[in-house]
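> Got a structure for you, questions after.
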Amino acid sequence: MQMHNNGVCVVQTCVVARGMAAAGARSSLTVAADMARACVTIDKQGRCRHMAHSGEMSRRAFVSTAAGVALTAATVGVSAHASESGAKDEKASAASDGATTPAKVDYDAALGEGMRGMPVADKGWPLFDDYDAPIAFEARAIPADEITANETCDVLVIGGGVSGLMAATAAADEGAHVICCEKMEKGRDQWESVGGYNSFSQKEQGIKVNPAEYANEIITAGAYRVRPENVWSFINNSGAAIDHMQDVLDKSGTGIEISCTNEESDPVKGEHTFLNTGATTWLLGPFVMDALNKAVADYEGIDMRFKTAGVQLLQDASGRVTGAIVKDVETGAYTRVDATKGVVLACGGYEMNPAMVEAWCRPEDVATASMSSTGTGSTGDGHMMGLAVGAGMDPLPHCTMEFGGGYPQNGQFFHAFRNGIYVNARGERFVNEGLMFNFVASAINTNAYRGAVWTIIDQSFIDAMAEKTGTDVMGTTVKDYMDGGWMVSADTIEELAEKIDVDPTRLAATLERWNGYFDEAQPTDDEYLRDLSKCQAFKTAPYYAVKTNSSFLVTVSGLIIDPDGRVLDKDEQPIDGLFASGNTSGGMFNDQYPRHLPSTSVGRAVTTGFVAGRTAAKDA
């Protein structure tokens, strides 16, 4: 920890350096050997990594080999006596590239002391090997002479997605002067609806939701590894939050209205859609966000700034968060913002930061997944800023939101193909393909991790779809997939099996069993209990196999918060002046996001933003 100007501390994350300091006079090689023994043995391919958990072993840093540890130790010894010119070079580099690249941050070490490593197979995330994310977080102490301006507000909100906008407007409604910073041109808008309980719309439509059923659906979906107080805070505050969202939309003059969908098939009828958006597809988020941004632009008490990134939190001597350093991403200029009441971290998840995803998420959830998010702003800046000041975080591995069915390039998938059957590298079915996306995604991930997953259809399926739609969309799609290398065809099942490298006898048996279901008066899937009312037999050549993987949307684990949005430290105590919301916050999901409970993610974002902003504005 280094002192900033005016007695404010800037927290740095340097676990390896702390390890070297604790070693005292011991040699770098001795310390390296000790650290290497704390790491898992490298396999013959030199591939391994760790999933960190709290424990008694003091975890300094993880590197790939003992030699790498020795190099790290030696480097730390040198950097402790770095020359002034070296420091200047670092400043110049940071100013020129405008962001920290994934290679410059050790996301394992960021978890701090008191951690131990659990070895997991490292298959990487090949699709994003060369991905360059616009990461804003900076661990270095930013010198006073690099800060070009000082400003003051009551509440600083870092992040201008739907959660950040709800935090900013809620705080402003409490009379606070708010600065809201978003590092991108606009906040993330790839969503369709919002979930919640006891909204005006639900009451007006006479839709009754049992809050206990709602809470238990969420808790059960998280295998009871969630914080019930956070779940209940969402449920108890979501109605007011949705009503607040409607109030903000009313200020936009767009006429957009929130209405509960009341879908009969939903386990809990908490989903709310948006009327009068002008949208022609299911993707309503862009239209709603445009309206919210329009309202916020003229909102009393809010100073909205785009292309302005939060890079580092500020603390006083007591540990209270007193503001942050933000950065103009175009000019590279730093501004210090003192927030007298607090800072809300609403920076989203970290799905666009492959290095962080690989460090904190289950390997099989990402090794074969494709990315279907269109935004690039969610790079874990909020997580890292919180960890740097001692915040607690959801245990690893973190929860991801993934949908089943996607092809390898970008996760898009022609929905009609979902009426085919999925087979794994053994040539066998492994799931009820008609389950909700999250369940299918988990099944695909588990099977693709040990081989490949293919969707099987035939020519009669393609002909039926062309007849149903009255277009050649299937023919066009098939050509695109074939040209892209994601689809193959063959005149026999055995030939198809050879092309996808599965056992021909086993694949033929799988198709024979599937086709046999439709010989019965009442077709029944006696293996995975799929509803076959919209399915068919596959007996008409040519046969097709489509390479299939899950589609990774966002991460939904984060910093631990209390029911009022205050960030808690590792001892479960509030960090004064610090709040978090949306996908930067945690405590509500585990393992896989519960897509079968529609719009719980956006509902949480809206609700936790509303709660955190309101709490921050009221806190002394």
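> With the requirement that a residue be of a type in the set (S, T, Y) and either over 25 Å from L165 (Cβ atoms) or open to solvent by 60 Å² or more (accessible area, probe 1.4 Å) (or both), what does the range 210-251 give you?
Answer for the range 210-251, where residues must be of a type in the set (S, T, Y) and either over 25 Å from L165 (Cβ atoms) or open to solvent by 60 Å² or more (accessible area, probe 1.4 Å) (or both): T220, Y224.
> Right, F552: of a type in the set (A, V, I, L, M, F, W, C), assigned to a strand (DSSP E or B) and either open to solvent by less than 10 Å² (accessible area, probe 1.4 Å) or more than 30 Å from L597 (Cβ to Cβ) (or both) or not?
In short, yes.
> Next up: Test G270 against the criterion of being crowded, with 24+ Cβ neighbours inside 10 Å, at pLDDT 95 or above and either farther than 29 Å from M245 by Cβ or not hydrophobic (A, V, I, L, M, F, W, C) (or both), and give yes or no.
No.
> Counting only residues that are out of contact with any strand residue (DSSP E or B) (no Cβ under 8 Å at 6 or more places or on another chain) and hydroxyl-bearing (S, T, Y), which one in the range 504-523 is most open to solvent (accessible area, probe 1.4 Å)?
Of everything passing the filter in the range 504-523, T505 is most open to solvent (accessible area, probe 1.4 Å).
> Could we say that T608 is touching a residue at least 60 places away in the same chain (Cβ under 8 Å), out of contact with any Asp or Glu (no Cβ under 8 Å at 6 or more places or on another chain), of a type in the set (S, T, Y) and not in a strand (DSSP E or B) here?
Judged against the criteria, T608 is a match.
> Ok, one more. Which of the following residues is farther than 23 Å from T608 by Cα and among the hydrophobic types (A, V, I, L, M, F, W, C): A297, A359, A346?
Just one listed residue meets the conditions, A359.
> Let me ask something else about it. Condition (residue is surrounded by 15 or more Cβ atoms within 10 Å (Cβ to Cβ) and either at pLDDT 90 or above or on the phi > 0 side of the Ramachandran plot (or both)) applied to the range 95-108: is it met by at least one residue?
Yes - at least one qualifying residue is present in the range 95-108.
> Can you confirm whether the range 467-489 contains a residue that is open to solvent by 40 Å² or more (accessible area, probe 1.4 Å), more than 32 Å from the chain's Cα centre (by Cα) and of a type in the set (D, E)?
Taking every residue of the range 467-489 in turn, at least one turns out to be open to solvent by 40 Å² or more (accessible area, probe 1.4 Å), more than 32 Å from the chain's Cα centre (by Cα) and of a type in the set (D, E).
> Taking E494 as the residue in question, decide whether it is of a type in the set (D, E, K, R) and either open to solvent by less than 70 Å² (accessible area, probe 1.4 Å) or in contact with a helix residue (DSSP H, G or I) (Cβ under 8 Å, 6 or more places away or on another chain) (or both).
When the stated conditions are applied, E494 passes them.
> Can you name the residue in the range 310-332 that is open to solvent by less than 10 Å² (accessible area, probe 1.4 Å) and touching a helix residue (DSSP H, G or I) at 6+ places or on another chain (Cβ under 7 Å) and, of all such residues, is farthest from K183 (Cα to Cα)?
Applying the filter and picking the extreme gives L313.
> Go through the range 382-429 residue by residue and tally those that are closer than 30 Å to L496 by Cβ, at pLDDT 95 or above and among the charged types (D, E, K, R).
The number of residues fulfilling the criteria is 3.
> When you check R614 against the structure, is it of a type outside the set (D, E) and closer than 19 Å to I235 by Cα, yes or no?
yes
> From the residues in the range 569-585 that are out of contact with any Gly (no Cβ under 6 Å at 6 or more places or on another chain) and charged (D, E, K, R), which one is surrounded by the fewest Cβ atoms within 10 Å (Cβ to Cβ)?
D571
> Open to solvent by 20 Å² or more (accessible area, probe 1.4 Å) and within 23 Å of E204 (Cα to Cα), is that true of D298?
Considered against the rule, which asks whether it is open to solvent by 20 Å² or more (accessible area, probe 1.4 Å) and within 23 Å of E204 (Cα to Cα), D298 comes out as no.
> Next question. Does the range 252-259 contain at least one residue that is over 13 Å from Q202 (Cβ atoms), part of a loop (DSSP other than H, G, I, E, B) and modelled with pLDDT under 90?
no
> Considering each residue of the range 164-174, count those that are open to solvent by 10 Å² or more (accessible area, probe 1.4 Å) and either in contact with a Gly (Cβ under 7 Å, 6 or more places away or on another chain) or among the β-branched types (V, I, T) (or both), and give that number.
1
> Among the residues of the range 545-591, write down those that are acidic (D, E) and at negative phi.
The answer is D562, D564, D569, D571, D576.
> For E263, all conditions in the list (1) within 16 Å of T169 (Cα to Cα); (2) modelled with pLDDT under 95 hold save one; what is the number of the exception?
Only one criterion in (1) within 16 Å of T169 (Cα to Cα); (2) modelled with pLDDT under 95 is unmet by E263, namely (1).
> Scan the range 273-293 and give yes if some residue there is in a helix (DSSP H, G or I), within 30 Å of D576 (Cα to Cα) and at pLDDT 95 or above, otherwise no.
Yes; the residues of the range 273-293 include at least one that is in a helix (DSSP H, G or I), within 30 Å of D576 (Cα to Cα) and at pLDDT 95 or above.
The values are calculated or read from the model by the stated rules, or taken from the named source; none is laboratory data. Since we're looking at a predicted model, the values are computed, not measured. Positions of Cβ are generated from backbone atoms using ideal geometry, with glycine treated the same way; all protein chains shown enter the neighbour counts. The accessibility values were calculated without ligands, DNA or RNA, using every heavy atom of the protein model including side chains. Shrake-Rupley method; radii C 1.70, N 1.55, O 1.52, S 1.80 Å.
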